[in-house]
1. Hey, does region 39-57 have a residue that's surrounded by 10 or more Cβ atoms within 10 Å (Cβ to Cβ), in a helix (DSSP H, G or I) and modelled with pLDDT under 80?
2. Quick check on ALA63: is it part of a helix (DSSP H, G or I), at pLDDT below 75 and more than 21 Å from the chain's Cα centre (by Cα)?
3. Do we find that ALA35 is aliphatic (A, V, I, L, M), at pLDDT 80 or above, surrounded by 10 or more Cβ atoms within 10 Å (Cβ to Cβ) and within 23 Å of the chain's Cα centre (by Cα) in this structure?
4. Take the conditions out of contact with any strand residue (DSSP E or B) (no Cβ under 9 Å at 6 or more places or on another chain) and at pLDDT 65 or above and apply them to HIS70. Does it pass?
Amino acid sequence: MAFPALRRWRGSPPRCQRAGGGGLGYFVWTGTVSAIWPLLGVSNQLLAAFALAIGTSVLINMARPATPDHAGAARVHVLSTL
């Protein structure tokens, strides 16, 4: 195992669970649950960026040359999202 300390990990402590539950309860109690959605959207975009970076680096390290069809399709996709 790469991280032996993870073998001993037994989950988050109850105080962290209470803090998370209390924070969610606060948002529900005050009626500002809609404030959470932008945060979730940002975290989703960050996760996608990390996945793209990792996937790209894996493909580069595999040393597989991209065919012109794949490179062109990727370029069109990137340019269409700007």
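The values are calculated or read from the model by the stated rules, or taken from the named source; none is laboratory data. The shown structure was predicted, so the numbers you read here are calculated from the model rather than taken from an experiment. Cβ sites come from the backbone with ideal geometry, for glycine too, and all protein chains shown count toward neighbours.
1. No, that holds for no residue.
2. Values: part of a helix (DSSP H, G or I): no; at pLDDT below 75: yes; more than 21 Å from the chain's Cα centre (by Cα): yes.
No.
3. Here the answer is no, as ALA35 does not meet what is asked.
4. Judged against the criteria, HIS70 is not a match.
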